[in-house]
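The values are calculated or read from the model by the stated rules, or taken from the named source; none is laboratory data. Bear in mind that the values here come from a model prediction, so they are computed numbers and not experimental data. Counting neighbours? That spans all protein chains shown, and the Cβs are built from the backbone with ideal geometry, glycine included.
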Amino acid sequence: MSHDEENIQEIIARSSNPRLALEKAPFRALSCAIRSIIRPTLLFKQAPELLDMLAQVKLIGQRICTVAEQALAIHALSSLQQAGHELLRDAEVKTLKRVANRHDVYHQVYCGAKHTVIRRHIIELWTSSESHLLPVLLRTYFPQMEGITGQAAAEYLFNARMSEKEGDESLTEMEMCFRFVSEAKIWEERYCAERNSDNVDFTDPGFQDLTRKFTRENGIPDAAGQIGTVDAAVELIEWYLARVQNDIQHLALIFPISSALA
């Protein structure tokens, strides 16, 4: 276990409010802990914790974009008030504009990774000997399924502080997951009835087609064009971490105080 991974586990273990402790974790520790879950293979038993840490990275990314936007606004105002005495160099302005424009990309990649992890976790559990735990898993990912909203739904950070857009997307995702579970149940019952057996082969083309449709719907491709696979989720997460880290470094070169984000 690395020093950074130990740090984040110690921070959470010492706190009476693990979620609040996670919100104070530095990016470097979050990044290291996330990679320990997704490499060498994604550990689905820790998927909720993975999504919690990704949600914190999302907040850091939003903060980076906001800092860049505010800096550009102050620079523009200063340029108007004191022509020829700009606060930022042209190269710095270009960098900040690139960073400030990442809101949508950050959102798309975060949601793409989050939804892919959730879908693959549902499939992983459905095809395991612990499929009876699926209702618990669904309540973890979608507390609104039981009418639980607001603070009561915020046991996990990835269910808290969602924008209206994210809330709508979460409802759509919940409906898609429920539809898959329903279709998978119908398929499995038909499969067993046709063979007069309780043994299910989940490598059957019928089930594979069902999961492929489920995991690819509205999915975000990774750099290799993969959609909905475990590898695609891992690659999206790696891209996300690398991009946020890169933007932190860009800000730190312009405003050294922003290195505190790391």
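The table below lists the values:
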quantity: Matching residues, region 159-191, being farther than 18 Å from Leu137 by Cα, at pLDDT 95 or above and loosely packed, with under 13 Cβ neighbours inside 10 Å; calculated: Ile186, Glu189, Arg190
quantity: Residue satisfying all of: in region 128-145; more than 19 Å from Leu50 (Cβ to Cβ) and either touching a strand residue (DSSP E or B) at 6+ places or on another chain (Cβ under 9 Å) or of a type in the set (Gly, Ala, Ser) (or both); surrounded by the fewest Cβ atoms within 10 Å (Cβ to Cβ) among these; calculated: Ser129
quantity: Test: residue in region 203-218 that is at pLDDT 95 or above, hydrophobic (A, V, I, L, M, F, W, C) and either exposed (fewer than 14 other Cβ atoms within 10 Å of the Cβ) or assigned to a loop (DSSP other than H, G, I, E, B) (or both); calculated: no
quantity: Residue that is over 18 Å from the mean Cα position of the chain (by Cα), part of a helix (DSSP H, G or I), of a type in the set (Asp, Glu) and within 23 Å of Gly228 (Cβ to Cβ), where the choices are Glu183, Glu169, Glu173; calculated: Glu183
quantity: Considering residues of region 146-158 that are surrounded by fewer than 15 Cβ atoms within 10 Å (Cβ to Cβ) and either among the hydroxyl-bearing types (Ser, Thr, Tyr) or not in a loop (DSSP other than H, G, I, E, B) (or both) only, the residue modelled with the highest pLDDT; calculated: Glu146
quantity: Qualifying positions in region 172-202 - among the charged types (D, E, K, R) and over 17 Å from Lys213 (Cβ atoms); calculated: Glu189, Glu194, Arg195, Asp198, Asp201
quantity: Residues of region 220-253 that turn out to be part of a helix (DSSP H, G or I), of a type outside the set (D, E, K, R) and surrounded by fewer than 19 Cβ atoms within 10 Å (Cβ to Cβ), as a count; calculated: 8
